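Structure record follows, encoded as structure tokens.
The values are calculated or read from the model by the stated rules, or taken from the named source; none is laboratory data. None of the values given here were measured: they were computed from a predicted structure. For neighbour counting, all protein chains shown are included, and Cβ atoms are generated from backbone atoms with ideal geometry for every residue, glycine included. SASA here: full protein model, heavy atoms, side chains in, ligands and nucleic acids out. Shrake-Rupley method; radii C 1.70, N 1.55, O 1.52, S 1.80 Å.
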Amino acid sequence: MIMFIDRERELAFLEGKHSEPKPQVLVLYGRRRVGKSELLKKFIEGKKAVYFLADKASSDANFGRFVSRVATATGQEGIYFKGWSEAFEYLKKQGKVIIVIDEFPYLIKSDAAITSVFQRIVDEVLPGSELRLILCGSSISIMEDKVLAYRSPLYGRRTGQWQLSPLSFMQASLFFPNYTIAEQIEAYAVAGGIPMYLSE
């Protein structure tokens, strides 16, 4: 199990956006193993949320798993949606809900039109809702080119973004409260600021 250390600034950012009355479209990205998923899981604890981790499967397979996650989160097993927009229309009726799409780049790779699909969701479904959509990804190049860049269908629609960095030495040292300073430096030299490696 990965210990959750620090990330107070990042959690404050997410909580601040969550407290705003208008719908949110947040982008969180950063290198692999830096702790994005753990941060998001920590953030949604105790909140009404749908957490979905995309994978390398087909677009249809990913959407099918997303629907299952929605069904579980809302207690409505067996629900069916024709597409992403219909699923978000349903979630809009559920009140203040956080929807986390983790590893969004996998959806982009399996369906080049997915960013325009989410553009329509942001433009036509989210207004007037209390939905908080978080798009997360480890492929920095894809997130910057396909989600954040000017030519992206989603350009200008985000209400916030955060590139998650590795932990600093001071933050990382919290993993080893019983170590001497020298031992903490040695551990940081080996594992860097990557939470997973520090936990191991």
Q) GNM on the chain, C-alpha springs below 10 Å: top fluctuator among Phe175, Phe43, Phe66? A) Phe175
Q. Can you flag which of Lys56/Lys146; Lys17/Lys93; Lys96/Lys146; Lys56/Lys96; Lys17/Lys41; Lys22/Lys96 are past 22 Å Cα-Cα?
A. Lys96/Lys146; Lys56/Lys96
Q: Just round it to a whole percent: the fraction of Cα-Cα distances in the range 57-112 exceeding 19 Å.
A: 26
Q) Most fluctuating residue of Tyr51, Tyr155, Tyr179 in a GNM of the chain with Cα springs under 10 Å: which is it? A) Tyr179
Q: In a Gaussian network model over the chain where Cα atoms closer than 10 Å are linked, find which of Pro153, Pro127, Pro177 has the largest mean-square fluctuation.
A: Pro177
Q: Using DSSP to define loop residues, name the chymotrypsin sites (Phe, Trp or Tyr not before Pro) in the range 75-133 whose beta-carbon has at most 15 other beta-carbon atoms within 10 Å.
A: Tyr80
Q: Report, in deg cm²/dmol and to the nearest 500, the calculated mean residue ellipticity at 222 nm for the chain, where each DSSP H run with n ≥ 4 adds -39500 (n - 2.57) and the sum is divided by the residue count.
A: -11000 deg cm²/dmol
Q: Quick one: dipole size for the chain, taken about the Cα centre, charges +1 on Lys/Arg Cβ and -1 on Asp/Glu Cβ, in debye to the nearest 20.
A: 480
Q) If you add up the charges near Gly192, with Lys and Arg at +1 and Asp and Glu at -1, over every other residue whose beta carbon is less than 11 angstrom from its beta carbon, what do you get? A) +2
Q | Other-chain or far-sequence residues with amide H under 5 Å of Gly160's (modelled H) | A | Val25, Val27
Q.
From zero outward in steps of 10 Å, how is the percent of C-alpha pairs of the range 93-200 spread across the bins?
A. 13, 33, 22, 20, 11, 2
Q | Anisotropy class of the range 4-152 from Cα gyration tensor, a/c 1.5 cut | A | rounded
Q. Local charge sum around Leu26 (other residues, Cβ-Cβ under 10 Å, Lys/Arg +1, Asp/Glu -1)?
A. +3
Q: Using the heavy atoms of the protein chains and a 1.4 angstrom probe, tell me the accessible area per residue for the chain in square angstrom.
A: 51
Q. Distance from the Cα centre of the range 1-66 to that of the range 150-200, in angstrom?
A. 16
Q | Share of carbon and sulfur in the accessible heavy-atom surface of the chain [1.4 Å probe, %] | A | 52
Q | Sequence-distant residues sharing a close amide H with Ile99 (under 5 Å, placed H) | A | Val50, Arg132, Leu133, Ile134
Q: Taking the Cβ of Lys47 as the centre, find all other residues whose Cβ is under 14 Å away and add up their charges (Lys, Arg: +1; Asp, Glu: -1).
A: +3
Q. In terms of the Cα gyration tensor, with a ≥ b ≥ c the square roots of its eigenvalues, is the range 1-68 rounded because a/c is under 1.5, prolate because a/b exceeds b/c, or oblate?
A. oblate
Q.
Residue by residue through the range 105-121, what is 3J(HN,Hα) from phi via Karplus (6.51 cos²θ - 1.76 cosθ + 1.60, θ = phi - 60°)? Round to whole Hz and write x for glycine and proline.
A. x, 5, 5, 5, 5, 7, 8, 4, 8, 5, 5, 6, 5, 6, 4, 5, 4
